[in-house]
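Every number here is computed from the coordinates shown, using simple stated rules; none is lab data. Predicted model only: the values in this text are computed from it and were never measured. Note that we place each Cβ from the backbone using ideal geometry, even for glycine, and neighbour counts take in every protein chain shown.
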Amino acid sequence: MIKENILKAEQRIRAACSRAGRDFSAVTIVAVSKGRPPEEISAALAAGITDIGENRVQEAALKYKKLITYNSELITIKWHMVGHLQTNKVKDAVKIFDLIHSLDSVRLAEEIDKQAARLNKIQDVLMEVKTSPEAAKSGIKPDQAARVIKEISGLKNIRMRGLMTIAPAVSNPEDARPYFRMLREAKDRINNLRLMTYDLQLLSMGMSDDFAVAVEEGATMVRLGRAIFGG
Ligand SMILES: *Cc1c(COP(=O)(O)O)cnc(C)c1O
């Protein structure tokens, strides 16, 4: 079931890429496994998934421990924090996650920087951008994104890799397109400002109901829960 779901999702991503003239290899599926047992994650890994997303640090830590043996075999799991991150959870989060998708304040950035420095780690992060007033409670407003990036650009143990958004739940996926487009345009605008010595590359956008549209609009990471694990 999980394997079939992954194949189906890959086919839809391939089709969206060809509609948009994009390369399939430029899109990573992050399998969002919140609320799912390690056995289901193992099934996803066996079907070729390499990137796992969780939205709670404690839950992720338990699964991380259980699945660590995978890392000594053929693949290295990449762990993604896709949910809102509280400052008091940062210390544990930086031990686990390869990419934190939900950087939504300067204060959180400073804490991530501090805790990452203690581990001698450079923590990759995405800035969560609030592209719609109703969708998410957290996130930086698009017109504030450049200012925040500038403010945290001096933090040595954080590397800002791109932007993330959660589109509002809509009945027609087409209606999510403007929010994805807004995120891509925000990335282009920030890159044109040359606030950093490198360009933002990653766009984390699209979930089970709307990922094909997100890929058409340039998503480099889609976060799929139900499309992979069912429900
Ligand atoms: C749960 C979750 C997802 C996956 O949602 P589905 O609709 O099940 O694909 C993606 N992103 C975030 C931030 C989530 O919390």
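Taking the Cβ-Cβ separation of LYS95 and LYS66 as r and a Förster radius of 22 Å, what is the calculated FRET efficiency to the nearest 0.05?
After rounding to 0.05, the efficiency reads 0.90.
For LEU193 and GLN58, calculate 0.36 nm times their separation in residues minus their Cα-Cα distance, and state this gained length in nm to one decimal.
Working: separation 135, 0.36 × 135 = 48.60 nm, distance 3.76 nm.
My answer for the length gained is 44.8 nm.
Taking the Cβ of LYS63 as the center, what net charge do the other residues with Cβ under 11 Å away carry, scoring Lys and Arg +1 and Asp and Glu -1? Could the numbers behind the result be given before it?
On the way: positive: LYS34, ARG36, ARG56, LYS65, LYS66; negative: GLU39, GLU40, GLU54, GLU59.
Charge balance in the 11 Å sphere: +1.
Give me the dipole magnitude in Debye, nearest 20, for the range 1-56 about the Cα centre, with unit charges on the beta carbon: positive for Lys and Arg, negative for Asp and Glu.
With Lys and Arg at +1 and Asp and Glu at -1, about 260 debye.
Would you mind computing, in nm to one decimal, how far apart the modelled labels at ILE122 and ASP175 are, each placed 7 Å from Cα along Cα→Cβ?
For ILE122 paired with ASP175, the spin-label model returns 4.3 nm.
If you filter the range 147-231 for trypsin sites (Lys or Arg not before Pro), then keep DSSP loop positions with at most 14 other Cβ within 10 Å, what is left? Display every interim value, and only then the final one.
On the way: sites: ARG147, LYS150, LYS156, ARG159, ARG161, ARG181, ARG184, LYS187, ARG189, ARG194, ARG223, ARG226; in loops: LYS156, ARG194.
Here the sparse-neighbourhood loop sites are LYS156, ARG194.
When the helices in the chain are scored as -39500 (n - 2.57) per DSSP H run of 4 or longer and the sum is shared across all residues, what 222 nm value do you end up with, to the nearest 500 deg cm²/dmol? Don't jump to the answer; show the numbers that get you there.
On the way: 9 runs with 94 residues, N = 231.
Counting only the DSSP helices, I get -12000 deg cm²/dmol.
Tell me, what is the percent relative contact order of the chain, built from C-alpha pairs under 8 Å that lie six or more residues apart?
The normalised contact order for the chain reaches 21 percent.
Does the range 110-149 come out rounded, prolate or oblate by the C-alpha gyration tensor, with a ≥ b ≥ c the root eigenvalues, rounded set by a/c under 1.5 and, if not, prolate when a/b is larger than b/c and oblate if not?
Prolate shape, in that a/c is at least 1.5 and a/b is the bigger ratio.
Does the range 82-198 come out rounded, prolate or oblate, given a ≥ b ≥ c as the square roots of the eigenvalues of its C-alpha gyration tensor, rounded meaning a/c under 1.5 and, failing that, prolate meaning a/b above b/c?
It is oblate, given that a/c is not under 1.5 and a/b is not larger than b/c.
Does the chain classify as rounded, prolate or oblate by the C-alpha gyration tensor (a ≥ b ≥ c root eigenvalues; a/c under 1.5 gives rounded; else a/b over b/c gives prolate, otherwise oblate)? Before the final figure, lay out each step's value.
Working: a/c = 1.67, a/b = 1.08, b/c = 1.54.
In terms of gyration-tensor shape, oblate.
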